[in-house]
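The values are calculated or read from the model by the stated rules, or taken from the named source; none is laboratory data. This one's a predicted model, so the numbers in the text were calculated from it and none came from an experiment. Please note: Cβ atoms are built from the backbone with ideal geometry, for glycine as well, and neighbour counts cover all protein chains shown. To get the accessible areas, we keep the full protein, side chains included, count just its heavy atoms, and leave off ligands, DNA and RNA. Shrake-Rupley method; radii C 1.70, N 1.55, O 1.52, S 1.80 Å.
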Amino acid sequence: MQIPGRELKLIVDLAAESGVGGWQGSITIPGLGLKGAPLDDIALKGSDIVFSMKTALADQRTGPAKFKARFVGDGKLAGDFMQAGNVAPFALEKTGPPQVEIPPRSTAIAKEIEGEWKGGYELLGYPRKVTIKLQNRGPEGATAEFFIAGRKENKLPVDRVVQQGEFVTVDSHETGLSFEGRARKDEIQGTISQGPLEIPVTLRRSN
């Protein structure tokens, strides 16, 4: 994909859902720290195909990021990427069978880790406040609400919560952001990661 000043590599996986008649897909954009973000509203009509990203790269004003393309040859797609009022051309070439990312599974967490945790850090001169609310939900494992507030508050879509011993991980694969920390008494010392960026954060229980 060609955006002003640079080229972004795209890896798009599309697969027909057997017996359902629909499609499923995922996208990886290493340059933006996105890995296996789900694709939505996949529609094929003749030689045209459209799909969107409802949460990753979505804009509050203009809505989901969208791809609109046409088959231009054997195993080749070309079209436009539309996001926040901007349009960028992109081209894809088939390289193999689909490897659609399967949504990861969460685990249960210890009762001592359930609850609301708060902390903060500074990035580019601006303070950020972090809030993570952790809760078990039976056989489906744990769930989390993950907020980062700077000049505005962002609620990150969480798709996996995992506890291994003292360590707990909260992943938002759609945004490429995760928190991993070591829980001890009433604090979790950890790191927020997004792509090459790693920021130390200490969360303390707030309830």
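Look at Pro139 and say whether it is open to solvent by 80 Å² or more (accessible area, probe 1.4 Å), part of a strand (DSSP E or B) and more than 26 Å from Leu39 (Cβ to Cβ). When the stated conditions are applied, Pro139 does not pass them. Of all the criteria given as (1) open to solvent by 40 Å² or more (accessible area, probe 1.4 Å); (2) closer than 22 Å to Ile3 by Cβ; (3) among the polar types (S, T, N, Q), the one not satisfied by Ser26 is (1). Within the range 49-77, the set of residues being open to solvent by 60 Å² or more (accessible area, probe 1.4 Å), under 17 Å from Val87 (Cα atoms) and either in contact with a helix residue (DSSP H, G or I) (Cβ under 8 Å, 6 or more places away or on another chain) or not in a loop (DSSP other than H, G, I, E, B) (or both) comprises Lys66, Lys68, Arg70. Has the range 99-109 got at least one residue that is under 19 Å from Arg205 (Cα atoms) and open to solvent by 70 Å² or more (accessible area, probe 1.4 Å)? No, that holds for no residue. Taking the options Arg128, Arg204, Arg151, name whichever one is part of a strand (DSSP E or B) and either open to solvent by 100 Å² or more (accessible area, probe 1.4 Å) or of a type outside the set (D, E, K, R) (or both). Going through Arg128, Arg204, Arg151 in turn, just one is part of a strand (DSSP E or B) and either open to solvent by 100 Å² or more (accessible area, probe 1.4 Å) or of a type outside the set (D, E, K, R) (or both): Arg204.
Evaluate the range 193-200: report whether one residue or more is part of a strand (DSSP E or B) and crowded, with 22+ Cβ neighbours inside 10 Å. Quick ask: steps written out before the conclusion?
Here is the first cut: in the range 193-200, the residues part of a strand (DSSP E or B) are 193-194, 197-200.
Next, from what is left, pick out any that are crowded, with 22+ Cβ neighbours inside 10 Å: none.
So far as the range 193-200 goes, no, none of its residues is part of a strand (DSSP E or B) and crowded, with 22+ Cβ neighbours inside 10 Å.
Number of residues in the range 89-110 that are at pLDDT 90 or above, under 19 Å from the mean Cα position of the chain (by Cα) and closer than 20 Å to Met1 by Cβ: the value is 0.
Looking across the range 110-125, the residues that are open to solvent by less than 80 Å² (accessible area, probe 1.4 Å) and under 26 Å from Leu197 (Cβ atoms) come down to Ile113, Glu116, Trp117, Gly119, Gly120, Tyr121, Leu123, Gly125.
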